[in-house]
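Everything on this sheet refers to the single structure shown next.
The values are calculated or read from the model by the stated rules, or taken from the named source; none is laboratory data. This one's a predicted model, so the numbers in the text were calculated from it and none came from an experiment. Glycine gets a Cβ as well: all are built from the backbone with ideal geometry, and neighbour counts include every protein chain shown.
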């Protein structure tokens with residue numbers, strides 16, 4: 001074996017190639033475990049004799065050793081942990097000769113990208129607002145959608161899960177409306193195994209900027225307690241991301257499962273017609289929890305720039321890989337919708353964004369369709385306005401760039417935001433009042 005470049009993907013490929021050449025079809029169904037440090041272990045299936053695994057240990061190429069677990073790079077099926085590991089689902093891997101393995105990828109921040117989402121939609125419609133980077137108008141759009149739903153008579157719960165860049169309290173609340181506690185207090189307390197249900201009554205701030213028969217309740221990331229002790233923020237943040245708890249109700253719970261419990265505690269206090277979630281930007285495991293694990297309709301914000309499509313290429317391919325890893329995959333591709341934010345008035349620019357979105361989905365999440373019509377295929381034409389790739393357009397507007405309803409309450413007046421956000425608002429109203437409740 002020639003020298004192997006020092007990156008973990010190349011090491012994984014070389015290890016699979018060794019297994020494929022050494023054991024052939026007998027190794028199909030085995031698990032390749034990659035620990036949190038990136039080191040690899042092969043767990044043999046019952047089709048491989050223990051003696052074959054023992055003899056293969058001496059044949060492991062020296063070039064592979066830096067990529068392997070120093071204690072146990074090859075485990076026989078009869079090993080003490082093997083039965084449990086062989087029962088786990090993970091990411092499918094294929095060898096060059098058609099052998100099939102499952103990668104169990106251990107990640108220190110959790111495995112939300114690999115966790116199967118809710119199979120059924122929650123009773124109260126949820127919408128998640130997501131962008132790969134900040135500055136695409138995601139939080140502003142969420143605030144306007146919340147105000148518009150309240151104007152139409154809906155009670156709206158707004159949950160800020162953008163833990164590292166909190167800001168909804170600055171948009172939808174005045175300083176005297178910020179509650180004592182925020183999401184960060186609840187999540188860090190849950191990780192510590194505390195009875196955080198006691199915090200919930202003091203986590204809700206009512207927005208004073210909306211009108212109509214409905215109301216908007218805001219759950220900020222940071223409450224007054226954390227504002228008074230900013231030095232505690234990073235300590236709480238690291239614990240908020242930590243899966244599980246030492247004991248109690250949150251033992252073994254993922255980030256998504258914790259948030260689901262939080263939503264249940266909040267919804268138990270008041271009837272809501274919609275839940276709007278501001279999602280952490282980027283491709284963190286906690287972003288996956290909001291995009292895949294909460295049963296929300298996900299609005300994917302982007303501008304007409306190369307980094308939008310290169311980033312979403314990674315995201316959508318990750319979603320495809322995740323779907324392939326679930327033993328029973330619910331159809332979640334129809335839960336996504338592209339949003340063209342801060343769009344210029346040029347028809348050519350809008351057409352280009354639409355075309356790029358379509359190509360993105362063709363490459364990663366739409367099913368391949370041949371000449372024969374397949375009614376079960378998940379695929380859409382370029383101009384199908386019901387398709388996930390077909391963008392909801394938000395026009396660029398200097399007035400909404402620095403969004404501050406406290407300084408300018410008219411920003412949340414329908415007469416001001418209607419022309420800019422009409423496509424998005426129509427979609428959100430339709431989902432909340434009709435489709436989301438079906």
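Summary of computed values
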{"item": "Single match in 330, 405 (criterion: in a loop (DSSP other than H, G, I, E, B), under 23 Å from residue 128 (Cβ atoms), assigned by TED's automatic domain parsing to the domain that holds residue 120 and modelled with pLDDT of 85 or more)", "result": "405"}
{"item": "Which numbered condition residue 301 fails, given (1) touching a residue at least 12 places away in the same chain (Cβ under 8 Å); (2) more than 13 Å from the chain's Cα centre (by Cα); (3) under 27 Å from residue 364 (Cα atoms); (4) in a helix (DSSP H, G or I)", "result": "(4)"}
{"item": "Hits in the stretch 1-27 (condition: over 18 Å from residue 74 (Cβ atoms) and assigned to a helix (DSSP H, G or I))", "result": "8, 9, 10"}
{"item": "Qualifying residue in the stretch 198-218 (condition: within 30 Å of residue 248 (Cα to Cα), more than 19 Å from the chain's Cα centre (by Cα), surrounded by fewer than 16 Cβ atoms within 10 Å (Cβ to Cβ) and in contact (Cβ under 8 Å) with a residue 40 or more places away in the chain)", "result": "yes"}
{"item": "Test: residue in the stretch 229-245 that is in the same structural domain as residue 126 (by TED's automatic domain parsing), on the phi > 0 side of the Ramachandran plot and not in a helix (DSSP H, G or I)", "result": "yes"}
{"item": "Residue 179 assigned by TED's automatic domain parsing to the domain that holds residue 128 and out of contact with any helix residue (DSSP H, G or I) (no Cβ under 6 Å at 6 or more places or on another chain)", "result": "no"}
{"item": "Residues of the stretch 349-371 that turn out to be in a helix (DSSP H, G or I) and closer than 21 Å to residue 323 by Cβ, as a count", "result": "8"}
{"item": "Residues (within 16 Å of the chain's Cα centre (by Cα), buried (at least 24 other Cβ atoms within 10 Å of the Cβ) and not in a strand (DSSP E or B)) located in the stretch 139-164", "result": "161, 162"}
{"item": "Which numbered condition residue 263 misses (of (1) more than 20 Å from the chain's Cα centre (by Cα); (2) in a helix (DSSP H, G or I))", "result": "(1)"}
{"item": "Of the criteria (1) surrounded by 12 or more Cβ atoms within 10 Å (Cβ to Cβ); (2) in contact with a helix residue (DSSP H, G or I) (Cβ under 6 Å, 6 or more places away or on another chain), which one residue 418 fails", "result": "(2)"}
{"item": "Selected residue (criterion: surrounded by the most Cβ atoms within 10 Å (Cβ to Cβ)) from residues of the stretch 42-64 that are closer than 19 Å to residue 4 by Cβ and touching a helix residue (DSSP H, G or I) at 6+ places or on another chain (Cβ under 9 Å)", "result": "42"}
{"item": "Restricting the stretch 246-260 to residues that are in contact with a helix residue (DSSP H, G or I) (Cβ under 8 Å, 6 or more places away or on another chain) and either in a loop (DSSP other than H, G, I, E, B) or not assigned by TED's automatic domain parsing to the domain that holds residue 188 (or both), the residue that is modelled with the lowest pLDDT", "result": "254"}
{"item": "Selected residue (only one of 142, 161 is closer than 28 Å to residue 251 by Cα and touching a residue at least 12 places away in the same chain (Cβ under 8 Å))", "result": "161"}
{"item": "Subset of the stretch 165-192 that is at pLDDT 90 or above and in a loop (DSSP other than H, G, I, E, B) - its residue that is farthest from the chain's Cα centre (by Cα)", "result": "174"}
{"item": "Qualifying residue in the stretch 79-93 (condition: within 18 Å of residue 36 (Cα to Cα), assigned by TED's automatic domain parsing to the domain that holds residue 13, modelled with pLDDT of 90 or more and assigned to a loop (DSSP other than H, G, I, E, B))", "result": "no"}
{"item": "Residue check, residue 314 within 16 Å of the chain's Cα centre (by Cα), under 30 Å from residue 357 (Cα atoms) and surrounded by fewer than 16 Cβ atoms within 10 Å (Cβ to Cβ)", "result": "yes"}
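Here is a yes/no grid of residues against (1) under 38 Å from the mean Cα position of the chain (by Cα); (2) touching a residue at least 40 places away in the same chain (Cβ under 8 Å):
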site: 9; (1), (2): yes, no
site: 12; (1), (2): yes, yes
site: 28; (1), (2): yes, yes
site: 35; (1), (2): yes, yes
site: 51; (1), (2): no, no
